[in-house]
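Visitor: First the structure, then my questions, so here it is.
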Amino acid sequence: MSTPAAQDLRIITSRFDVEDGHTLAGYERTGGYAGLRRAMEMAPADVHGEVRTASLLGRGGAGFPAGVKWGFCPPGVWPRYLVVNGDESEPGTYKDRLLMERDPHQLIEGCLIACYALGLSQCFLYVRGEMAHAQERLAAALNEAYEAGYVGANVLGAKDFSVDITLHWGAGAYIVGEETALIESLEGNRGMPRLKPPYFPASIGLYGKPTIVNNVETLANLPWIVSNGGAAFAAMGAESSTGTRVFAVSGHVVSPGVFEVPFGTTTFRDIIFDSRYAGGLHPGRSLKTFIPGGASAPWFFEEHLDIPLEKATVDKAGSMLGSGAIVVMDDTTDVVRACHNVVRFFARESCGKCTPCREGTSWLEMILSRILAGQGRPQDLDLLMDVCDNISPGINWPPRQTTICPLGPSAVSPIASALERFRGEFEAYLPATAVSVTTASGVAS
Amino acid sequence: MSEAETVVNITVNGQPVEAKPGEWVIAAAERAGVYIPHFCYHPRMNSVGMCRMCIVDIDTGRGPALQPSCMVAVTEGMEVDTTSDQTRKAQDGVLEFLLLNHPLDCPVCDKGGECPLQDQTMAYGPGESRFIEEKRHFEKPIPVNDLVYLDRERCILCDRCTRFADEVAGDPLITFQDRGDQTQVNTFPDLPFSSYFSGNTVQICPVGALTAVPYRFKARPWDLTEVESTYPNPMGDRVVVQASRDQVLRYQGVDSDAVNWGWLTDKDRFSFEGMASELRLRTPLVRGTPLGQPDPRGNELVEASWHQALTLAADAIRVAIDDKGPQSVAVLGGARLTNEDQYVWARLAKGVIGTDNVDAQLDDGLPADVVLGMPRATVNQACTPGGTVILLAPDPKEEQGTLYLRLRHAVVNDGVQLIELTPRASGLSQMAAFRLHHRPGEAAAVAAALVGGDIEPGPDGDIGGVSAADVAAAAAAIANRADKPITVILGRPSLAESAGFTVDAVAELIGFANLLNAGGRPGMAFLPVLHRGNVLGALDMGLAPGLLPGRTTLAEGGPAMAESWGSVPSAPGADARGILKAAADGQIDVLILLGADPLGDFPHRELADVALNNVGTIIASDLFLNPSAALAHIVFPAAGFAERRGTHTNLEGRITAQRQIVTPPGTARADWAIATELARQLGADFGFGTPEEVWDEIARLAPSHRNLSLEAIDTSDDGVVASDSSIVFSPPDDLTPLPPVDAYSLRLVSSRRMYDRGTLVQSASSLAGLAPTAALVVNPYDFSRVGVESGADVQVVSHVGEMGLPVVADPGVPRGTAAFGYNHPDLDVRDLFDPDAVVTDLRIQTR
């Protein structure tokens, strides 16, 4: 992974090049905690107002406006909690990890600003279990911040503002990225999504109390927004997708990495091919397909390259911007293997709670494995599609969700995309003559 | 609320349906006769939406969408379509998914024939699987406890058993482990599913994943015949009794809204094993020679004909009456019989023999007037959302399992506040709002402060060992909820102390209850929890000194009853203790034991021993030859549960039907018939040919049961509650005096555990081994005081006896108190009871 040489405008990745940006000294030297001080000079409601003005969309995947979400807490119910979703696990996504590793204080400052705006005194920072380096950096930074009086009782000497931030390491489950499953996990239960309604933890969340769950990147934007004003943030990017956004580009590109770009005005072509960003494909290769927003998203192709990185437009084109992970596949890619790889991930990560996802995803994986092993049957391709249809009726995007959470339908996306576009490659795996498949219960043809 | 607001109008498949507000679509549809297939949904547990089988088209105005009907509440104008193509496709898909990894071993599966998965596979689904890969494999059935096996290959992960364990029983010992298609239900290492209620998971399992040891491979469902009946426990749990080839093979709980909600305790569920025991009495026995010849001088019990046994019994009774008068005949027990049995025995004793020395309890309950003289609550009333429950009783989890489940649900889900007024923690302590754990014998002081508004701490700054602040807080909590029903669960919290202490506490509460009840408020009522199946029926039928059938006294109801019966005793007789004392003094010539075992159950074993050995003739009517019956001179084999018809009265006064499905062993007969025959031998013809004829007389003569028709009892799902009572509880003039405890002693609390040394449990092979080993339980604080360590073997010494046993720590036992189970099979706590003392104090000595 390379560090981008030059970028137009960097709000939250500005310290990625600062060697000691993860320490308190480095952070303060580069303007750190100014946002918090600025916020504490304002009334909490005004801070909330700035975030609303900024139209900051949640950066976790669903893209819900953070300022609006903050307003969902039922009045008069206390205590309330802030929970930071640092369980970034979508394949291809690694922006939050870098934000935590390279600039942990920025996240802590963002948490403090959110707590100030909302009158909260307890924040839980849930970090994915596998992110050992991020955990170390965050823990060290939090110790420094406590020491320096930014966190703990009487933040910066304020009489009526105290915040505790508790770190919590995940135990390694993709589904815990889903906010209600994360809350379950935080409470010490199995990480399984909660039933909806209630649709938002803001009404009933952690320990049954109103809980704001925000993504790492969302909160990391707050120091800049408070320092520079919500209007300045809203002025950047597109009208409905404001500010900048961090994308992680991986796959068959010259320089994979994390890039902060103006939200909504940059196109997929820019971020994949521009030399300031991923730098295009390797010489002599051509684009086969790319995943625009994490492994859950339906795939995009050549004709989608000029779509801007903007939520509404991507949604309209039949996929999603999701977690900001762009996975590029060039013409050397074996689509069936790629498909199998993604489906296997979802089968392994299904929590096992509802039937279609638990049984369906692993069945899909088994069929794909069999096809790859040369044991496919002609009817298997239709079977794949029908199993997909039973997991996600209609195979629409966005899915008509009949499972508890979107994990099951997510496994459908790659198969539906790949089979529709590259059916020939699947057929090529089928043996020329019908095979007998030996099964536990006998022989099937 | 007006009528219109209590109905939500929806349509199901085009038909208008009136649903209840907040009702799930699946429940509303089912009430309207439209069955929506499901596996995980269970009406008595929270919906989890896991199986997705109940997915149907629901249109709330935004177009039809597939939604799980177990998790969508009805809304006005909702349109539900359970037959749309989209619905069928989704349900077929789910069913195919569920069957992917299911082993389809139906031919060797106990559930085959009554399996929801099998049934729905017939009704829905493609019929043929497209799955050709290897199925998931697990080790075939593994025990999750001593009674239940788990086959994880058959499991469809519906979360019913795990939810039951967590939500209903409060024993979250089986859980999901691993994830994705490797998800499995299992216990944690070294932590078996040790729950009193584990059998319920077998009943609610929608596949054959959970099987019960006593039923495994015993029968196929289509070979079973069944009747709905009432399990003879004080709760009167509704059950279905299933039998094949004249043998009871299974009890299943019936979801009765008023009583057990479909749940049963393992002890009750599996007790049918004991009923089929080889040890059951099959023929009458009389004294005879070692060669089996009947001979009154013999020391053996030998088989005899009914005629011989009845003649001998009648002769003995006649001689006793002639010699010393009717009072020399006494009757103990009867609390396990049907109402009809009890009535005929009561009529025989009081109307024919003329003795009032009759007691169904063995000094291990409460005086009859305390039980019958209180305004009676129902279980549903006690569980009214937002109400208050005061626990003045032994641990319901140990003694009244299904009541425990109902109370637990009420406290956890419906905001009922529970106030424990007990000498030690109970199974409900964890969820109790107030735990007023008083010193043994001091309940009355706490009760007085609780409802009297007068909180005056004693010299130690407490009230009966409870902090005055806690009592004050609980009193305020009661006052705050006075607009909702207050229910006292009333029983005998400890058998190591006199019942007088509990009576004193009731005396404090009844004044408050009368005050509340007069004020037009929901008021305060009592739910008596006593030991033995139909003990409340026995009191109603007059099997207690001074009482006559129909909750009336000799003084009040005597004249009327004498007109029908011919005569009634002129003066109240003695209770169990009085009877045994009289017997020990040689004043009882004939003692009739009706399923009673004073040697095993009476709190003072030595007195029982002396008494039984001083009685001229003991006549026992029983299922088993228990230790007391073994001393009898004449033994009648009695028919038990499921072997005879009758009615049962539960702790609410609810009368429900018991039905017969198998024939009694040998020549055993129902008790009403035995008593009728014996009466005939004594010259009185009751004219009873069937239990129905007995009931007709009860409904004619017993004031509280007047006009309760058998038809009404038989046809109503929840039976009929008899609520009238003319018995008045008059508080004793003097409080039971409480001797001081010395600084080196611990005061003993003793109550029953679920699995015990009782005959039925010990005759059921699956249950016999479950009784815990005896240990003395002491507060951790007292260990240093006494100078021993937890787990140490100690010598426990009381005024009258001593024994060696381990001592263990439990903070649920207050300081200065020691707890010891009443009914352990290995050690008998009664060896420590002093029959002349009102409390039992112990010293602990290291060995």
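Visitor: May I ask you to compute the full-extension gain from B:ASP246 to B:VAL721, defined as 0.36 nm times their residue separation minus their alpha-carbon distance, rounded to one decimal in nm?
Guide: Values: separation 475, 0.36 × 475 = 171.00 nm, distance 3.22 nm.
Answer, rounded to one decimal: 167.8 nm.
Visitor: Karplus couplings for the stretch B:599-612 from phi (6.51 cos²θ - 1.76 cosθ + 1.60, θ = phi - 60°), rounded to Hz, Gly and Pro as x?
Guide: The phi angles translate into 4, x, 10, 5, x, 10, 5, 5, 4, 4, 4, 4, 4, 5 Hz.
Visitor: Pulled fully out, how much extra length does the chain show between B:ASP257 and B:THR289, if you take 0.36 nm times their separation in residues and subtract their Cα-Cα distance? Spell out each step's value before the answer.
Guide: Values: separation 32, 0.36 × 32 = 11.52 nm, distance 5.48 nm.
Stretched fully, the B:ASP257-B:THR289 segment lengthens by 6.0 nm.
Visitor: Continuing with this model, one more query. For A:THR30 paired with B:ALA809, estimate the spin-label separation in nm (one decimal), with each label point 7 Å from Cα along the Cα-to-Cβ line.
Guide: 5.4 nm
Visitor: Does the stretch B:107-208 come out rounded, prolate or oblate, given a ≥ b ≥ c as the square roots of the eigenvalues of its C-alpha gyration tensor, rounded meaning a/c under 1.5 and, failing that, prolate meaning a/b above b/c?
Guide: Working: a/c = 2.00, a/b = 1.54, b/c = 1.30.
Here the stretch B:107-208 falls in the prolate category.
Visitor: Test of understanding: extend the Cα→C-beta vector of B:LYS218 to 7 Å, then name every residue of the stretch B:97-132 with backbone N under 11 Å from that spot.
Guide: none
Visitor: Follow-up question, since we're still on this one. Only bridges whose two residues both fall in chain B count here: according to DSSP, what percent of them are antiparallel, nearest 5?
Guide: Values: 67 of 111 bridges.
Antiparallel bridges: around 60 percent, rounded to the nearest 5.
Visitor: Pairs of Cα atoms under 8 Å, at least six residues apart: use those to get the relative contact order of chain B, whole percent.
Guide: Values: 1941 pairs, mean separation 104.0, N = 847.
Reported as a whole number, the value is 12 percent.
Visitor: Please report the relative contact order for the stretch A:39-140, taking Cα pairs under 8 Å with a sequence separation of at least 6, and give it as a percent rounded to a whole number. Mind dumping the intermediate values first?
Guide: Values: 106 pairs, mean separation 33.5, N = 102.
Across the stretch A:39-140, relative contact order equals 33 percent.
Visitor: Count, for each residue of A:196-203, the Cβ atoms from other chains sitting within 10 Å of its Cβ, then give me the mean as a whole number.
Guide: Working: counts 2, 3, 0, 0, 0, 0, 0, 0.
For peptide A:196-203, the averaged partner shielding equals 1.
Visitor: For the stretch B:219-236, take each phi angle, set θ = phi - 60°, evaluate the Karplus expression 6.51 cos²θ - 1.76 cosθ + 1.60, and give the result in whole Hz per residue in order, putting x for glycine and proline.
Guide: Coupling constants for the stretch B:219-236: 7, 9, x, 6, 8, 8, 9, 8, 9, 8, 8, 10, 5, x, 10, x, 6, x Hz.
Visitor: Determine Rg/Rh for chain B; Rg is computed over alpha-carbon atoms and Rh is the Kirkwood hydrodynamic estimate from the same atoms. Walk me through the intermediate numbers first.
Guide: Numbers: Rg = 28.4 Å, Rh = 28.8 Å.
Rounded to two decimals, Rg over Rh is 0.98.
Visitor: Cα centroids of the stretch A:265-324 and the stretch B:417-436: how far apart, whole angstrom?
Guide: Distance between centres, Cα-based: 63 Å.
Visitor: So the label point goes 7 Å from the Cα of A:LYS196 along Cα→C-beta, right? Which residues of the stretch A:392-408 then have their backbone N under 12 Å from it?
Guide: A:399-407
Visitor: Report the chymotrypsin sites (Phe, Trp or Tyr not before Pro) located in the stretch A:256-349 that are in a DSSP loop and have at most 16 other Cβ atoms inside 10 Å of their Cβ, or state none. Intermediate values should be presented prior to the final figure.
Guide: Details: sites: A:PHE259, A:PHE263, A:PHE268, A:PHE273, A:TYR277, A:PHE290, A:TRP299, A:PHE300, A:PHE301, A:PHE345, A:PHE346; in loops: A:PHE263, A:TYR277, A:TRP299, A:PHE301.
Answer by residue number: A:PHE301.
Visitor: Find the centroid of the Cα atoms in the stretch B:507-582 and in the stretch A:327-379, then give the distance between the two in whole Å.
Guide: Value for the Cα centre distance between the two parts: 73 Å.
Visitor: Please report B:TRP695, A:TRP224, B:TRP261 as a ranked list, fewest other C-beta atoms within 10 angstrom at the top and most at the bottom. Write out the running numbers ahead of the final one.
Guide: Working: B:TRP695 27, A:TRP224 24, B:TRP261 21.
Going from sparsest to densest Cβ surroundings: B:TRP261, A:TRP224, B:TRP695.
Visitor: Place the peptides B:92-98, B:304-310, B:345-351 in order of packing, highest mean first, counting for every residue the other Cβ atoms within 10 Å and averaging per peptide. Kindly include the intermediate steps, with their values, before the conclusion.
Guide: Details: B:92-98: 24.7, B:304-310: 17.6, B:345-351: 27.6.
Packing order, densest peptide first, comes out as B:345-351, B:92-98, B:304-310.
Visitor: Quick one: if the Förster radius is 51 Å, what FRET efficiency do A:GLU19 and B:PHE188 give, using the C-beta to C-beta distance and rounding to 0.05?
Guide: On the way: r = 48 Å, r/R0 = 0.94.
FRET efficiency, A:GLU19 to B:PHE188: 0.60.
Visitor: Further question on the same structure: If you take the charge dipole of the protein assembly as shown about its Cα centre, with +1 on Lys and Arg Cβ and -1 on Asp and Glu Cβ, which of B:ALA449, A:PRO414, B:PHE688 is farthest toward its positive end?
Guide: A:PRO414
Visitor: List the aspartates and glutamates whose Cα lies under 17 Å from the Cα of B:LYS20, skipping any in the same chain that are fewer than 8 positions away.
Guide: Within the straight-line cut-off, B:LYS20 pairs with B:GLU3, B:GLU5, B:GLU30, B:GLU76, B:GLU79, B:ASP257.
Visitor: Report the convex hull volume per residue for the stretch B:639-774, counting only C-alpha atoms, in Å³. Walk me through the numbers on the way to the answer.
Guide: Working: hull volume 32.3 nm³, N = 136.
Normalising the Cα hull of the stretch B:639-774 by residue number yields 237 Å³.
Visitor: Note down the relative contact order for the stretch B:378-474 as a percent, whole number, built from C-alpha pairs under 8 angstrom at least six residues apart. Each step should come with its number before you reach the end.
Guide: Numbers: 160 pairs, mean separation 21.3, N = 97.
The normalised contact order for the stretch B:378-474 reaches 22 percent.
Visitor: When you look at the Cβ of every residue in B:122-133, what mean number of other chain Cβ atoms sits within 10 Å? Working shown, then result.
Guide: Numbers: counts 0, 0, 0, 0, 0, 0, 0, 1, 9, 9, 16, 11.
Whole-number average of other-chain Cβ neighbours for B:122-133 is 4.
Visitor: Relative to the longest principal axis of chain B, what angle (0 to 90°, nearest 10) does the C-alpha long axis of helix B:554-565 take?
Guide: So the helix axis and the longest Cα principal axis differ by about 90 degrees.
Visitor: Rounded, prolate or oblate: which one fits the stretch B:344-465, using the alpha carbon gyration tensor with axes a ≥ b ≥ c (rounded when a/c is under 1.5, else prolate when a/b beats b/c, else oblate)?
Guide: On the way: a/c = 2.39, a/b = 1.50, b/c = 1.60.
Oblate, since a/c reaches 1.5 and b/c is not below a/b.
Visitor: Can you list residues whose amide H is under 5 Å from A:LEU57's amide H, if they're 5+ apart or on another chain and H is modeled 1.01 Å from N?
Guide: Residues meeting the amide H criterion: A:ALA66, A:THR242.
Visitor: ³J(HN,Hα) across the stretch B:690-707 via Karplus (A = 6.51, B = -1.76, C = 1.60, θ = phi - 60°), whole Hz, x for Gly/Pro?
Guide: 9, x, 5, 5, 5, 4, 4, 5, 4, 5, 8, 9, 7, x, 6, 10, 4, 6
Visitor: Can you tell which of B:THR60, B:HIS42, B:ILE26 lies farthest toward the positive end of the dipole of the stretch B:1-64, using +1 and -1 charges on the Cβ of basic and acidic side chains (Lys, Arg; Asp, Glu)?
Guide: Of the options given, the answer is B:HIS42.
Visitor: Give me the inter-chain shielding for B:177-185: mean count of other chain Cβ atoms within 10 Å, whole number please.
Guide: Details: counts 2, 1, 13, 14, 13, 5, 7, 1, 0.
So the per-residue partner count for this stretch is 6.
Visitor: Say R0 is 60 Å: what FRET efficiency, to the nearest 0.05, do A:ASP315 and B:ALA792 get from their beta-carbon distance? The partial results should precede the final answer.
Guide: Details: r = 71 Å, r/R0 = 1.18.
The value I calculate is 0.25.
Visitor: Taking Cα centroids, how far is the stretch A:140-198 from the stretch B:81-99 in Å?
Guide: 40 Å
Visitor: Name the shape class, rounded, prolate or oblate, that the alpha-carbon gyration tensor gives for the stretch A:174-281, where a ≥ b ≥ c are the square roots of its eigenvalues, rounded holds for a/c under 1.5, and otherwise prolate holds if a/b is larger than b/c and oblate otherwise. Show your work: numbers first, answer last.
Guide: On the way: a/c = 2.99, a/b = 1.62, b/c = 1.85.
Judged from the Cα gyration tensor, the stretch A:174-281 comes out oblate (a/c at least 1.5, b/c at or above a/b).
Visitor: Also: Taking the Cα centre as origin and putting +1 on Lys and Arg beta-carbons and -1 on Asp and Glu beta-carbons, what dipole magnitude results for the stretch B:96-163, to the nearest 20 debye? Write down the numbers at each step before the final one.
Guide: Details: 9 positive and 13 negative charges, 33 e Å.
For this selection, approximately 160 debye.
Visitor: What is the list of residues in the stretch B:680-716 whose amide nitrogen lies under 13 Å from a point 7 angstrom out from the Cα of B:ARG659, following Cα to Cβ?
Guide: Output list for this probe position: B:714-716.
Visitor: Using R₀ = 51 Å, calculate the FRET efficiency as 1/(1 + (r/R₀)^6) where r is the Cβ-Cβ separation of A:ALA140 and B:GLN15; round to 0.05.
Guide: On the way: r = 66 Å, r/R0 = 1.29.
The calculated FRET efficiency here is 0.20.
Visitor: Oh, and also: Once every DSSP H run of n ≥ 4 in the protein assembly as shown is given -39500 (n - 2.57) and the sum is divided by its residues, what mean residue ellipticity at 222 nm do you get, rounded to the nearest 500 deg cm²/dmol? Intermediate results must be reported in sequence, preceding the final value.
Guide: On the way: 44 runs with 405 residues, N = 1292.
Helix contribution divided over all residues of the protein assembly as shown: -9000 deg cm²/dmol.
Visitor: Starting from the 7 Å offset along Cα-to-Cβ, what nm value, one decimal, do you get for the label separation of A:GLU239 and B:VAL108?
Guide: 7.1 nm
Visitor: Using only the C-alpha atoms of the protein assembly as shown, find the volume of their convex hull and express it per residue in Å³. Mind dumping the intermediate values first?
Guide: Details: hull volume 262.5 nm³, N = 1292.
Looking at the protein assembly as shown, the number lands at 203 Å³ per residue.
Visitor: Taking the simple approach of a point 7 Å from Cα along Cα-to-Cβ for both B:ARG847 and B:ALA712, what is their distance in nm?
Guide: 5.9 nm
Visitor: DSSP beta bridges in the protein assembly as shown, what fraction antiparallel, as a percent rounded to 5? Kindly include the intermediate steps, with their values, before the conclusion.
Guide: Working: 85 of 149 bridges.
Rounded to the nearest five, the antiparallel share is 55 percent.
Every number here is computed from the coordinates shown, using simple stated rules; none is lab data. It should be emphasised that the depicted structure is a prediction, and the values quoted were computed from it without experimental measurement. Ideal geometry is used to build each Cβ from the backbone, glycine not excepted, and the neighbour counts take in all protein chains shown.
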